[in-house]
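Notes follow once the structure below has been shown.
The values are calculated or read from the model by the stated rules, or taken from the named source; none is laboratory data. Keep in mind that what you see is a predicted model, and the values were worked out from it rather than measured. Neighbour counts are summed over all protein chains in view; Cβ atoms, including those assigned to glycine, are modelled from backbone coordinates with ideal geometry. Keep in mind that these areas ignore ligands, DNA and RNA; they rest on the heavy atoms of the full protein, side chains included. Shrake-Rupley method; radii C 1.70, N 1.55, O 1.52, S 1.80 Å.
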Amino acid sequence: ANGLHRSVVSDDAEKPVGVVSQSSIVKEMQEALKHGDLKAVGETTLEKLGLVSNSVKAVDESDTVLHALGVLGYSTISAVCLVEADGKLSGNFSASDMRGMFKEKFPSFLKPVRDYLEEHSPNSLNAKVVTPETTLSELVELLLSEKLHRAWVVDADMKPIGVVSMTDLMKLCRDFKL
């Protein structure tokens with residue numbers, strides 16, 4: 001719930017015996033939301049669970065990669081949404097999009113974010129979205145099936161109004177009272 005994505009599991013002698021990740025916990029959540037008292041929770045919308053209230057950091061797709069990196073660093077977040085001039089969601093920019101970036105590629109930081117993603121990480125231009133009416137079970141299915149860390153919450157005009165991450169789901173588990 002504090003943003004740790006994975007942790008080593010040790011035995012009584014402090015010997016590492018495995019790793020538990022946010023993804024593995026969400027996988028367990030996926031199954032739990034199908035049965036018993038938690039089935040009703042799985043059928044609850046993100047809005048009713050209070051998962052839409054997150055503020056959204058966005059950059060215009062014509063902003064430079066350097067600007068997007070600055071927003072990430074200044075805001076201490078791991079991803080920003082990419083928006084068109086009219087404010088509609090057009091993609092996602094995160095630290096993952098920087099994989100394989102070597103010193104000789106640094107001039108790419110001066111490119112518009114959209115151009116950079118088209119060249120280096122085109123899948124990020126297909127950001128996955130949910131709405132406030134999406135159920136928790138639907139969100140969990142999406143995150144697991146697409147191997148995502150987050151989904152952007154959009155309004156009817158495809159404008160981002162929130163983001164729900166696996167860390168948010170960890171907080172939900174920590175704070176949930178049946």
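The table below gives the values:
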read-out: In region 30-44, the residues that are of a type in the set (Gly, Ala, Ser), at pLDDT below 90 and under 23 Å from the mean Cα position of the chain (by Cα); value: 32
read-out: Region 46-66 residues that are on the phi > 0 side of the Ramachandran plot, paired with ones that are surrounded by 15 or more Cβ atoms within 10 Å (Cβ to Cβ) (beta carbon under 9 Å, 6 or more apart); value: 50/172
read-out: Residue within region 23-42 that is hydrophobic (A, V, I, L, M, F, W, C), buried (at least 17 other Cβ atoms within 10 Å of the Cβ) and in contact with an Asp or Glu (Cβ under 7 Å, 6 or more places away or on another chain) present; value: no
read-out: Pairs, first farther than 12 Å from residue 143 by Cα in region 11-27, second open to solvent by 80 Å² or more (accessible area, probe 1.4 Å) and of a type in the set (A, V, I, L, M, F, W, C), C-beta under 8 Å, six or more apart; value: 11/17; 16/8; 18/8; 19/8
read-out: For residue 71: the one exception among (1) open to solvent by less than 80 Å² (accessible area, probe 1.4 Å); (2) in contact with a Cys (Cβ under 9 Å, 6 or more places away or on another chain); value: (2)
read-out: Count - residues of region 147-169 that are of a type in the set (Val, Ile, Thr), in a strand (DSSP E or B) and open to solvent by 20 Å² or more (accessible area, probe 1.4 Å); value: 2
read-out: Which numbered condition residue 97 misses (of (1) among the acidic types (Asp, Glu); (2) in contact with a helix residue (DSSP H, G or I) (Cβ under 7 Å, 6 or more places away or on another chain); (3) open to solvent by 30 Å² or more (accessible area, probe 1.4 Å)); value: (3)
read-out: Per-region count, region 6-22, residues open to solvent by less than 70 Å² (accessible area, probe 1.4 Å) and more than 24 Å from residue 77 (Cα to Cα); value: 4
read-out: Single residue of 24, 7 found to be more than 30 Å from residue 106 (Cβ to Cβ), at pLDDT below 90, of a type in the set (Gly, Ala, Ser) and part of a strand (DSSP E or B); value: 7
read-out: Sole exception among (1) open to solvent by 30 Å² or more (accessible area, probe 1.4 Å); (2) out of contact with any strand residue (DSSP E or B) (no Cβ under 6 Å at 6 or more places or on another chain) for residue 133, by number; value: (2)
